[in-house]
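For reference, the structure discussed in these notes is given below.
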Amino acid sequence: MGLEEFRGQDLKGHDFSRRNLSGKDFTNANLTRANLTGALLTGANLTGALLTGANLTNALFSYADLTGANLTNANLTDAIFRDADLTGANLTGANVTGADFMDSIINSETRIRPDQNSRWSYCNLSERTFKGHNFSDAEFVEANLKRSKLKGITCEDGNFERADLSNSTIFGGSYNRADFTGADLTETRFEFLDLSDARFINANLTNAIFNCCKLNNVSFLNANLTGTKFQSSSEEVSHEVTLPDGFTGKVPAQDYFP
């Protein structure tokens, strides 16, 4: 097929595995259940393409245009979407385990669900609600998660270095060993969480609230804890936490953790 023959074509179930399709035009093409395993689609145009149930494992979509593309229930395991345009794309039900979306363009109409070991560094994920997902080992370095709601998330070893989570609510779940180094957590609410061994080094926690959280071995070294509140069912104060010099607030020892 030539360059123009992909545009608007019915390519359901077609095998494009390991093909070099860089720069090709798949605008409005039907790629339902197509096999794109290991394919190279750098700079390809997939505007409005239908990729429902397609296998995109290990495919390369860097700088590709996926505006309005439908990737519902597609397999994106270990695929790379760096600098891709996902404006208005639908990734509902897609498997994004290990996928890399660093620097991709994501707007409020993009329907996404981060998964374990996926990479969302430098992405705009602000004002979103994520519920019940597994973000373990996921990367959100310098991501914009401002005013987001994370509910019932498992995010063990998640990386939020220098991310903006200001004015967000993080409710219920496990963030063991999560790294919030240098993150903006201004007025963020942490409630009913297991934050054991998490790192808040150099983080801005101005007016943040930790309500009923497990804080075993958490480090707040050099963090800004101006106005930070630690609330719990206990009044005791002796937690295995590292606090900035001069911090005068109370950190409860016996947290209520459901």
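The values are calculated or read from the model by the stated rules, or taken from the named source; none is laboratory data. Since the structure is predicted, the reported quantities are computational estimates derived from the model, not experimental observations. Quick reminder, even Gly has a Cβ in these numbers, built from the backbone with ideal geometry, and neighbours come from all protein chains shown.
Residues checked against (1) crowded, with 19+ Cβ neighbours inside 10 Å; (2) β-branched (Val, Ile, Thr); (3) within 19 Å of Ser22 (Cβ to Cβ); (4) without any contact (Cβ under 8 Å) to a residue 24 or more places away in the chain:
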| residue | (1), (2), (3), (4) |
| --- | --- |
| Phe61 | yes, no, yes, yes |
| Asp65 | yes, no, yes, yes |
| Phe81 | yes, no, yes, yes |
| Asn90 | yes, no, no, yes |
| Ile106 | yes, yes, no, yes |
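Looking at the structure I just gave you, is Ser17 over 22 Å from the mean Cα position of the chain (by Cα), surrounded by fewer than 21 Cβ atoms within 10 Å (Cβ to Cβ) and either under 22 Å from Asn95 (Cα atoms) or of a type in the set (A, V, I, L, M, F, W, C) (or both)? Let's see the steps before the verdict.
Details: over 22 Å from the mean Cα position of the chain (by Cα): yes; surrounded by fewer than 21 Cβ atoms within 10 Å (Cβ to Cβ): yes; either under 22 Å from Asn95 (Cα atoms) or of a type in the set (A, V, I, L, M, F, W, C) (or both): yes.
Against the criterion (over 22 Å from the mean Cα position of the chain (by Cα), surrounded by fewer than 21 Cβ atoms within 10 Å (Cβ to Cβ) and either under 22 Å from Asn95 (Cα atoms) or of a type in the set (A, V, I, L, M, F, W, C) (or both)), Ser17 qualifies.
How about region 74-99: which of its residues are farther than 20 Å from Ala138 by Cβ and part of a loop (DSSP other than H, G, I, E, B)?
Within region 74-99, Thr87, Gly88 meet the criteria.
Going by the structure shown, is Ala39 small (Gly, Ala, Ser), crowded, with 20+ Cβ neighbours inside 10 Å, closer than 20 Å to His14 by Cβ and over 16 Å from the mean Cα position of the chain (by Cα)?
Details: small (Gly, Ala, Ser): yes; crowded, with 20+ Cβ neighbours inside 10 Å: yes; closer than 20 Å to His14 by Cβ: yes; over 16 Å from the mean Cα position of the chain (by Cα): yes.
Judged against the criteria, Ala39 is a match.
A quick yes/no check of all residues on (1) modelled with pLDDT under 95; (2) within 30 Å of Glu191 (Cβ to Cβ):
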site	(1), (2)
Asn70	no, no
Thr97	yes, yes
Met102	yes, yes
Ile105	yes, no
Lys131	yes, yes
Ile153	yes, yes
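Here's the yes/no breakdown for (1) in contact with a Lys or Arg (Cβ under 7 Å, 6 or more places away or on another chain); (2) among the small types (Gly, Ala, Ser):
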{"site": "Gly8", "(1), (2)": "no, yes"}
{"site": "His14", "(1), (2)": "no, no"}
{"site": "Gly23", "(1), (2)": "no, yes"}
{"site": "Thr27", "(1), (2)": "yes, no"}
{"site": "Arg33", "(1), (2)": "yes, no"}
{"site": "Leu36", "(1), (2)": "no, no"}
{"site": "Ala39", "(1), (2)": "yes, yes"}
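Is it the case, given these coordinates, that Thr47 is under 20 Å from the mean Cα position of the chain (by Cα) and of a type in the set (S, T, N, Q)? Before the answer, list the steps.
Values: under 20 Å from the mean Cα position of the chain (by Cα): no; of a type in the set (S, T, N, Q): yes.
Judged against the criteria, Thr47 is not a match.
Being touching a residue at least 24 places away in the same chain (Cβ under 8 Å) and touching a strand residue (DSSP E or B) at 6+ places or on another chain (Cβ under 7 Å) is the filter here; which residues of region 205-232 pass it? Steps first, answer last, please.
Step one: filter region 205-232 for residues touching a residue at least 24 places away in the same chain (Cβ under 8 Å), giving 212-218, 220, 225, 232.
Those that are touching a residue at least 24 places away in the same chain (Cβ under 8 Å) and touching a strand residue (DSSP E or B) at 6+ places or on another chain (Cβ under 7 Å): Cys212, Cys213, Lys214, Phe220, Ser232.
For region 2-55, name all the residues that are within 22 Å of Ile105 (Cα to Cα), in a loop (DSSP other than H, G, I, E, B) and in contact with an Asp or Glu (Cβ under 7 Å, 6 or more places away or on another chain).
Leu46, Thr47
Out of Ala163, Ala143, I need the residue that is closer than 25 Å to Ser219 by Cα, in contact with a Phe, Trp or Tyr (Cβ under 6 Å, 6 or more places away or on another chain) and at pLDDT 95 or above. Which one?
Values: Ala143 fails: at pLDDT 95 or above.
It is Ala163.
Quick one: in region 163-178, of everything that is assigned to a strand (DSSP E or B) and within 14 Å of the chain's Cα centre (by Cα), which residue is surrounded by the most Cβ atoms within 10 Å (Cβ to Cβ)? I'd like the intermediate steps shown before the answer.
Going residue by residue through region 163-178, those that are assigned to a strand (DSSP E or B) are 164, 169-174.
Applying the additional criterion that residues be within 14 Å of the chain's Cα centre (by Cα) yields 164, 170.
On the way: Asp164: 24, Ile170: 26.
Filtering region 163-178 for residues that are assigned to a strand (DSSP E or B) and within 14 Å of the chain's Cα centre (by Cα), the one surrounded by the most Cβ atoms within 10 Å (Cβ to Cβ) comes out as Ile170.
Every residue in region 147-158 that is surrounded by 19 or more Cβ atoms within 10 Å (Cβ to Cβ) and either touching a residue at least 24 places away in the same chain (Cβ under 8 Å) or assigned to a loop (DSSP other than H, G, I, E, B) (or both), please.
Here is the first cut: in region 147-158, the residues surrounded by 19 or more Cβ atoms within 10 Å (Cβ to Cβ) are 148, 150, 153, 155-156, 158.
Result: Ser148, Cys155, Glu156, Gly158.
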